[in-house]
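Q: I have a structure I would like to understand better, so I am pasting it below and will then ask my questions one at a time.
The values are calculated or read from the model by the stated rules, or taken from the named source; none is laboratory data. Everything numeric here is computed off the predicted structure, so don't read it as measured data. Here the Cβ is made from the backbone with ideal geometry for all residues, glycine too, and neighbour counts use every protein chain on show. Ligands, DNA and RNA are stripped out before the accessible areas are found, and what is left, the full protein with its side chains, is counted by its heavy atoms. Shrake-Rupley method; radii C 1.70, N 1.55, O 1.52, S 1.80 Å.
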Amino acid sequence: MAYEDSRRTADPTADQEELIRRRAVRGAVGGGIIGTVAPVALTASYFPREAIELLWRFEWSWGLGGLVVLACGALGTWSGVRAGRINGVREVALEPGETVLSAYAVRPPVVDGRPTKPTDTARFELRVTDRSLQLWDGPDRLWRHPWPGVRLTTVDDSLLLVQHGDRTIAELLPASSGVIGAWDALLLGAQRLRARSR
């Protein structure tokens, strides 16, 4: 799939860089907490009580459990920093007064001549703002089109066609394949936003 109007967002100002840093720190703290608490909660929820009591008796189990908690906490912190930074970059790319109304995890059927996998929905995000429709690939904005020129249609209730003028700029699949009416809310919202922006 060839992306039209593909570009990297402008370099952030000092204030915007500070906002991105704060989002990354917030993500690191949240991810670290979740990563640390999750293995303990999952162990308490899914292991039989007798197995947990048996492990308490062995000294090596404390060390092994501590290593697992530390590793999950470090992984959660790393993931949180990454997600927080991406969210910060996307936030500073908004125009003054522009508001994000919703976001959809999506994936194009083909990228660089290769079919995408369902796991690629973590990479791509379709953002609906009060002024435009945007497609992001991680921290990179692939395109942004104002509502008056955008037209959305679906094929077989699963493939979303994004058209600008008389050309198709994107073909997108929803994160959850097989969901009937996956695009209904987006299509209804787009119709209202186009009517309001005229």
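Q: Could you please give the count of residues in the range 104-138 that are modelled with pLDDT of 90 or more and farther than 18 Å from Ile169 by Cβ?
A: 1
Q: Let me ask something additional. Please work out if Gly97 is open to solvent by less than 70 Å² (accessible area, probe 1.4 Å), assigned to a loop (DSSP other than H, G, I, E, B) and of a type in the set (Gly, Ala, Ser).
A: yes
Q: Name the single residue, out of those in the range 150-185 being among the acidic types (Asp, Glu) and free of Cβ contacts under 8 Å to residues at least 12 places away in the same chain, that is farthest from Val89 (Cα to Cα).
A: Asp156
Q: Would you check which residues across the range 161-175 are more than 16 Å from Asp120 (Cα to Cα) and assigned to a strand (DSSP E or B) and list them?
A: Matches in the range 161-175: Leu161, Val162, Gln163, His164, Arg167, Thr168, Ile169.
Q: Let me ask something additional. Would you check which residues across the range 132-149 are without any contact (Cβ under 8 Å) to a residue 60 or more places away in the chain and either of a type in the set (A, V, I, L, M, F, W, C) or within 17 Å of Ala182 (Cα to Cα) (or both) and list them?
A: Leu133, Trp136, Trp147
Q: Quick one: is Glu91 open to solvent by 50 Å² or more (accessible area, probe 1.4 Å), in a helix (DSSP H, G or I) and farther than 21 Å from Gly30 by Cα?
A: no
Q: For the range 51-79, enumerate the residues that are out of contact with any helix residue (DSSP H, G or I) (no Cβ under 7 Å at 6 or more places or on another chain) and not hydrophobic (A, V, I, L, M, F, W, C).
A: Of everything in the range 51-79, those that are out of contact with any helix residue (DSSP H, G or I) (no Cβ under 7 Å at 6 or more places or on another chain) and not hydrophobic (A, V, I, L, M, F, W, C) turn out to be Glu53, Arg57, Glu59, Gly63, Gly65, Gly66.
Q: Let me ask you something else. Considering the range 97-131 alone, what residues qualify as being in contact with a Ser or Thr (Cβ under 9 Å, 6 or more places away or on another chain), free of Cβ contacts under 8 Å to residues at least 40 places away in the same chain and polar (S, T, N, Q)?
A: Selection gives Thr99, Thr129.
Q: In this structure, does Gly65 turn out to be of a type outside the set (S, T, N, Q), in a helix (DSSP H, G or I), out of contact with any strand residue (DSSP E or B) (no Cβ under 6 Å at 6 or more places or on another chain) and within 17 Å of Arg141 (Cα to Cα)?
A: So Gly65 does not fit the description; no.
Q: Let me ask something else about it. Go through Arg144, Arg82, Arg107, Arg123 for me and flag whichever is closer than 30 Å to Gly32 by Cβ and open to solvent by less than 70 Å² (accessible area, probe 1.4 Å).
A: Arg107
Q: Continuing with the same structure: Would you be able to say whether some residue in the range 180-196 is over 22 Å from the mean Cα position of the chain (by Cα), in a strand (DSSP E or B) and among the polar types (S, T, N, Q)?
A: Among the residues of the range 180-196, not one is over 22 Å from the mean Cα position of the chain (by Cα), in a strand (DSSP E or B) and among the polar types (S, T, N, Q), which makes the answer no.
Q: I need the full set of residues from the range 128-141 which are open to solvent by 20 Å² or more (accessible area, probe 1.4 Å) and in a loop (DSSP other than H, G, I, E, B), in order please.
A: Residues satisfying the conditions are Asp130, Arg131, Pro139.
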